[in-house]
Structure formats: C-alpha cells, structure tokens
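The values are calculated or read from the model by the stated rules, or taken from the named source; none is laboratory data. Note that the structure is predicted; figures quoted are calculated from it, not measured. Ideal geometry is used to build each Cβ from the backbone, glycine not excepted, and the neighbour counts take in all protein chains shown. Only protein heavy atoms, including side chains, enter the accessible area calculation; ligands, DNA and RNA are left aside. Shrake-Rupley method; radii C 1.70, N 1.55, O 1.52, S 1.80 Å.
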Amino acid sequence: MADLQINLAGIKSPNPFWLASAPPTNSGYQVQRAFEAGWGGAVWKTLGDPIINTTARFAAASFNGKKVAGFNNIELITDRPLEVNLKEIYETKKRFPNHAIIASLMVEPKQEKWHEIVKRVEDIGVDGLELNFGCPHGMAERGMGAASGQVPELVEKQTYWVKEVAKTPVIVKLTPNITDITVTAEAAVCGGADAVSMINTINSLMGVDLDSWNTVPHVAGKGAHGGYCGPAVKPIALNMVGECARNPLIDIPISGIGGISNWKDAAEFILMGATGVQVCTAAMHHGFSIVEDMIDGLNNYLDEKGIASVMDLVGKSVPKYSNWGDLDLNYKVVARINNDVCINCNKCHISCEDTSHQCIDMLKDATGKSYLKVREEDCVGCNLCSIVCPVDGAIDMVEIKQTLPSMTWNERQSRIASFMT
Amino acid sequence: MSEYETFMEEKNKIDSYFDKGYQVISIFENLSGTFVDFVTGEEAIEREVVQIQLLTAEARKYIATKLLFVS
Ligand SMILES: Cc1cc2nc3c(=O)[nH]c(=O)nc-3n(C[C@H](O)[C@H](O)[C@H](O)COP(=O)(O)O)c2cc1C
Ligand code: SF4
Ligand code: SF4
C-alpha cells in the first residue's frame, strides 16, 4: 500500500483526490457524504456576496453515444447565506478533522471586502483558502471571477490583500480564458500565493436548438455564455498545468483541475506537476463513489512502479515537457500494420490517402487476398492511421533506429546561421 | 517522383559534394526552399562554387545534421 497522503503548501489530506468548488461541495451534507465515500478534501462551493441563479443551468455534449464528454454551466457561486455555509463547514471539519476543507472565496476587487471574508471564514476553521478568479459568467460581468482573473495586476493585488490577513495557505484558482496562463500564475506568485489551482471553466456555448433556434441551455428563450468542463477539457488543463510546472518563476505547488475522471487522469496531472487534483464533472456524472476506484487504481499503480508515496510522483514528467524547438528532428517512427490482427476495414488507408501522405498501399497476396502495407520510406510517422484504426494492436508505431545523431530545430538554426548570407 | 525519391536524390548530391571535398560556404532559405552553396579548391583562383536547391524537409534536416556533426 503506497502512501497517498499529500501536503499541498501545508494543506494535508489523506489522499490527492479533492472535490472542486462546485455543486458537489454545496453543503455540509454533501461534503460529509463525500468524505465518507473516500474523498480526501473538498473545496467548498464559492462563498461571496448574495447571488441569484437561473433555472436551466447545465448542458452537456454527448459524443458518439458517450454521455457528458463535455459539460457546460451558467451557475454562479453559492446562493446560500454565508452563516449557513460557515456553520456547516465547522460541523464538517469537526467530524472529519483529518480531511482538507478549503473555502473558495470571491468578492469584489476591494481590499476591505477580501479582508472581511477571509477573517470570517478563517475564524470558523478551514485548512486553506482558494480565491476564485475564474468563474467566466455572471460574476465576471460584475467585475469578479474571470474578469479580475484575466488582469495580472488584479490577480497580484487581490492575492496580496488576502495574504495581508490570511493565516491559512492561499490557493489562487486561475481562469483558462486567457492566452497565456503562466502570466496570471506568475502574478499570483508575486502577490504571495502559496499555491495555484487550474483550471476553472472555459467560455462556451453548448449549442443551438435547430427547431426553436434557442441556445442550449436557454432561460426563457435567451442564453448567455457558460463555462465548459469535463473530459473534453482535460488536454487543455493538462497543458496549462505543465506550462506552469515547468516555469521556474512559478515555484509554488499546483492543484490540477479539468476533466479528471479516473485515477489515470489524476496520475497524469500529478506527473505533469500537480501535487493533488480536484474533480467536479466526473462526480456530478457518476456520484461520489468514483473515488473508490481512483484510490485503488492510484495505489496499485504506485505499488507496481515501486513508488512509496504519491508525493514522489509529483512532477516526474515535467522535465520531459519542452519546447517544439528542442525536439529531435532526426527521431523517426513509422506505422507498421499487423496483418494477423487487421480486419481490413481500410480506415487507415482512407485516412492516409485522403488526409496524410498516401503511403498505405492496398496489395494482394499470392492467393488473391487483399492486405495493406505501409511504404515506410514515405511514412512521416504522423500517427493518424493508428489513431483511426478501430482494432487494438493492428497498427504499431515503431521507432526506426536512428542513423543520424539527434538534432533539434534550435540546434539547426544556430548551426546554419553562420552560413547565412 | 515520390517525396522519398526526391529526398534521396538531394541527399546523394549533398553526399557527393562532401565526398569530393567541397565545403558549404553559404546557405539561404526562402519560400522556394533551401539553397546551399558548395565551394571547392584551396586557392581563390581555382574556386568553383556550385549551388543546390533542396526541396524536401528531409534534406533540410540532413544538410544541417551533416554540418553539425560530420563536417
Ligand atoms: C455547475 C458548476 C458550477 C461550478 N461552480 C464553481 C464555483 O462556484 N467556484 C469555482 O471555483 N468553480 C466552479 N466550477 C468549476 C469547477 O470547480 C472546476 O474548476 C471545473 O468544473 C473543471 O473541473 P471538471 O472538468 O472536473 O468539472 C463549477 C463547475 C460546474 C460544472
Ligand atoms: S503514420 Fe501517417 S503517414 Fe504513416 S502510414 Fe500512418 S497515416 Fe500515413
Ligand atoms: S484501420 Fe486497422 S483494422 Fe482497419 S485496415 Fe487499417 S490496420 Fe486494418
């Protein structure tokens, strides 16, 4: 049994699986049930000034019969009174002293507002604070959430104000609705953040109903942009975590969020630099019990790898995440079709012929049976055929032994620079 | 001619100039590809400059790899 405990900027939890600030952490009843189910921590549904929500709040993308490939919401922060939330946080912490409870906060970008909420929340006893600079809708129109999270100066200033009074670790939750998330992450560092978390949801419009021409979802015939999350956003979130993790100026822990649905997703985020992960959509789709498989899966993985503690996994892939200009141009892989396994569906041939490099030949053997073969010298190793192939093991991407030493684009450019006329 | 055959032709040219003792004196790249000037001869009077145009990406890699590690 590996040690799954984490310590994220001083916040300890029995495992790296936290529920993200969202409907699953709306109340003490829910968070306590989540802890009973095995979640190691919870970031409480964002606390702040009173709001009102609309009905019809969620929508989801199904893809090829798979439900909830992506999830969209126009929900705001908590609509319950601060006192009620604080009482339930207190009761939950009392029942689960070893689990992490982090209060997510969002107020107007004013020093006195931040001071007030931080003091009131910390008085009740939380393990940390998460500043919600990411909610892309509703609150942003009032100058909060993503609106302030998109301006590095405001991120720095508000973090600083919180740090002026905070006694517990401060996590700054960043919006992905920005060109370069490392800029706002650096601003959080400059403001004194103890950690950053990412990502909040991505601006989105789920769809348009072709009969009524209404947006999906719509509120009495009108729509507004929402925030996108769930499995579809995982690659975007993973890149943002990786970009922050490999940036030497962002030398604080990262809490990874975005499309994490199982232990493998979680392990990938941890390898890419996250000290722990937060989950929302997967819990909303399948319920709290998914954490059991997450804990088992991560445990078995660490045991198989001979790793004693999950903390030893943190960031192991970060040195492998680089710039395009530092990739070896002389590295070569080619596609190889395993004709014993291939079912001759031709998908690979069509994809290569129509949209790649026309190097999968349709041939016939001595008995007249058709088979496919890759002309390896023309194959550029793009992976497309193996991506579209429906049969596991029918196409291998194989490494060709390198005859030339490795050379990156940057090395090439600096070498030929001396010959440039 | 396939992309691979074009590359092999360009590679053979590059190899043959290096084999004959030519050296690269200039490279320039524009929208039409990479242009490599080879020169031979020690004395200025004997100098012969030949230019080859490389059209394939493989050859653009190959020439730079040669310059980095071989010559
Ligand atoms: C319905 C809904 C409400 C959310 N409300 C909040 C919120 O109040 N505060 C916050 O910081 N993030 C909120 N989020 C964002 C999530 O915490 C999380 O960052 C995002 O959903 C990405 O994770 P996921 O892909 O696991 O869902 C909400 C997300 C959803 C789907
Ligand atoms: S890897 Fe790309 S180029 Fe090679 S055979 Fe497959 S689709 Fe064609
Ligand atoms: S896509 Fe896969 S199964 Fe289909 S013909 Fe190609 S290798 Fe065979």
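Which pairs break 20 Å Cα to Cα here: A:LYS45/A:LYS67; A:LYS12/A:LYS110; B:LYS13/B:LYS61? Before the final figure, lay out the partial values.
Numbers: A:LYS45/A:LYS67 25 Å; A:LYS12/A:LYS110 30 Å; B:LYS13/B:LYS61 14 Å.
Going by Cα-Cα distance, A:LYS45/A:LYS67; A:LYS12/A:LYS110 fall outside the 20 Å limit.
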Short version: ³J(HN,Hα) in whole Hz for each residue of the range A:6-16, in order, from phi by Karplus 6.51 cos²θ - 1.76 cosθ + 1.60 (θ = phi - 60°), x for Gly and Pro, what are they? 10, 10, 9, 6, x, 8, 9, 8, x, 8, x
Which of the aspartates and glutamates could be linked to A:LYS94 by a straight reach, that is with a Cα gap under 16 Å, when you skip same-chain ones fewer than 8 residues away? A:GLU36, A:GLU122, A:ASP123, A:ASP127
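Antiparallel DSSP bridges in the protein assembly as shown: what percent, to the nearest 5? Mind showing how you got there, number by number?
Values: 42 of 73 bridges.
Bridges in the protein assembly as shown that DSSP calls antiparallel: roughly 60 percent.
Give the carbon-plus-sulfur fraction of the accessible surface of the protein assembly as shown in %, rounded to a whole number; probe 1.4 Å, heavy atoms of protein chains only. Before the final figure, lay out each step's value.
Values: 12440 of 23780 Å².
Whole-percent figure for carbon plus sulfur exposure: 52.
Using the Cβ atoms and a cut-off under 15 Å, what net charge is assigned to the surroundings of A:ARG95, where Lys and Arg are +1 and Asp and Glu are -1?
Numbers: positive: A:ARG33, A:LYS87, A:LYS93, A:LYS94; negative: A:GLU36, A:GLU88, A:GLU91, A:ASP127.
Its environment carries a net charge of 0.
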Out of residues 5 or more away from A:THR46 or on other chains, whose amide H comes under 5 Å of its own, with H placed 1.01 Å from N in the peptide plane? A:ALA22, A:THR78
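Report the calculated FRET efficiency for A:SER62 and A:ASN383 (r = Cβ-Cβ distance, R0 = 25 Å), to the nearest 0.05.
Values: r = 26 Å, r/R0 = 1.04.
According to the calculation, E is roughly 0.45.
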Mind listing the long-range amide H neighbours of A:VAL279? Cut-off is under 5 Å, sequence gap 5 or more, other chains count too, H placed in the peptide plane at 1.01 Å from N. A:TRP18, A:LEU19, A:ALA20
Straight-line reach only, C-alpha to C-alpha below 21 angstrom: list the lysines that A:LYS364 could link to, leaving out same-chain residues fewer than 8 apart. A:LYS347, A:LYS373
Honestly the range A:62-118 on the Cα gyration tensor test (a ≥ b ≥ c root eigenvalues; a/c under 1.5 rounded, otherwise a/b vs b/c for prolate or oblate) is just oblate
Chains A and B: what accessible area do they bury, summed, in square angstrom to the nearest 100, with a 1.4 Å probe? 1500
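With N residues in the protein assembly as shown, what two-decimal value do you get for its Cα radius of gyration over 2.2 N^0.38 Å? Could the numbers behind the result be given before it?
Working: Rg = 28.4 Å, N = 492, 2.2 N^0.38 = 23.2 Å.
Compared with the compact-globule rule of thumb, the protein assembly as shown sits at 1.22.
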For the B:ASP15, A:ASN262 Cβ pair and Förster radius 56 Å, calculated FRET efficiency rounded to 0.05 is 0.60
In Å³ per residue, the alpha-carbon convex hull of the range A:195-321 encloses 129
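Which residues make up the longest stretch of chain B clear of GluC sites (Glu not before Pro) that lie in a DSSP loop with no more than 12 other Cβ atoms within 10 Å, not counting the sites? Could you put the intermediate results ahead of the total?
Details: sites that count: B:GLU42, B:GLU43.
Longest stretch, sites excluded: B:1-41.
Rounded to two decimals, what is the ratio between the C-alpha radius of gyration of the range B:3-70 and 2.2 N^0.38 Å?
Normalised Rg, Cα atoms only: 1.10.
Which value, in debye to the nearest 20, describes the size of the charge dipole of the protein assembly as shown about its Cα centre when Lys and Arg Cβ atoms bear +1, Asp and Glu Cβ atoms bear -1, and nothing else is charged?
Around 1220 debye, computed over the protein assembly as shown.
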Measure out, as a whole number of angstrom, how far apart the alpha-carbon centroids of the range A:252-300 and the range A:33-101 sit. 16
Does the range A:304-421 classify as rounded, prolate or oblate by the C-alpha gyration tensor (a ≥ b ≥ c root eigenvalues; a/c under 1.5 gives rounded; else a/b over b/c gives prolate, otherwise oblate)? oblate
What order, most packed first, do the peptides A:182-190, A:221-229 have when packing is the mean number of other Cβ atoms within 10 Å of each residue? A:182-190, A:221-229
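Over chain A, average the accessible area per residue using a 1.4 Å probe and give it in Å², no decimals.
Numbers: 19630 Å² over 421 residues.
The answer is 47 Å² per residue.
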Which loop trypsin sites (Lys or Arg not before Pro) in the range A:307-352, with loop taken from DSSP, have no more than 11 other Cβ atoms within 10 angstrom of their Cβ? none
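Test of the criteria: in the range B:19-68, which trypsin sites (Lys or Arg not before Pro) are in a DSSP loop and have at most 11 other Cβ atoms within 10 angstrom of their Cβ?
Sparse-neighbourhood loop trypsin sites (Lys or Arg not before Pro): B:LYS20, B:ARG47.
Accessible area per residue, 1.4 Å probe, Å², for the range B:3-70: what's the number?
Details: 3880 Å² over 68 residues.
Result: 57 Å² per residue.
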Which far-off residues, 5 or more places away or on another chain, put their amide H under 5 Å from the one on A:GLY125, with H placed in the peptide plane? none
Averaged across the residues of A:399-405, what count of C-beta atoms belonging to other chains lies within 10 Å of each residue's C-beta? 2
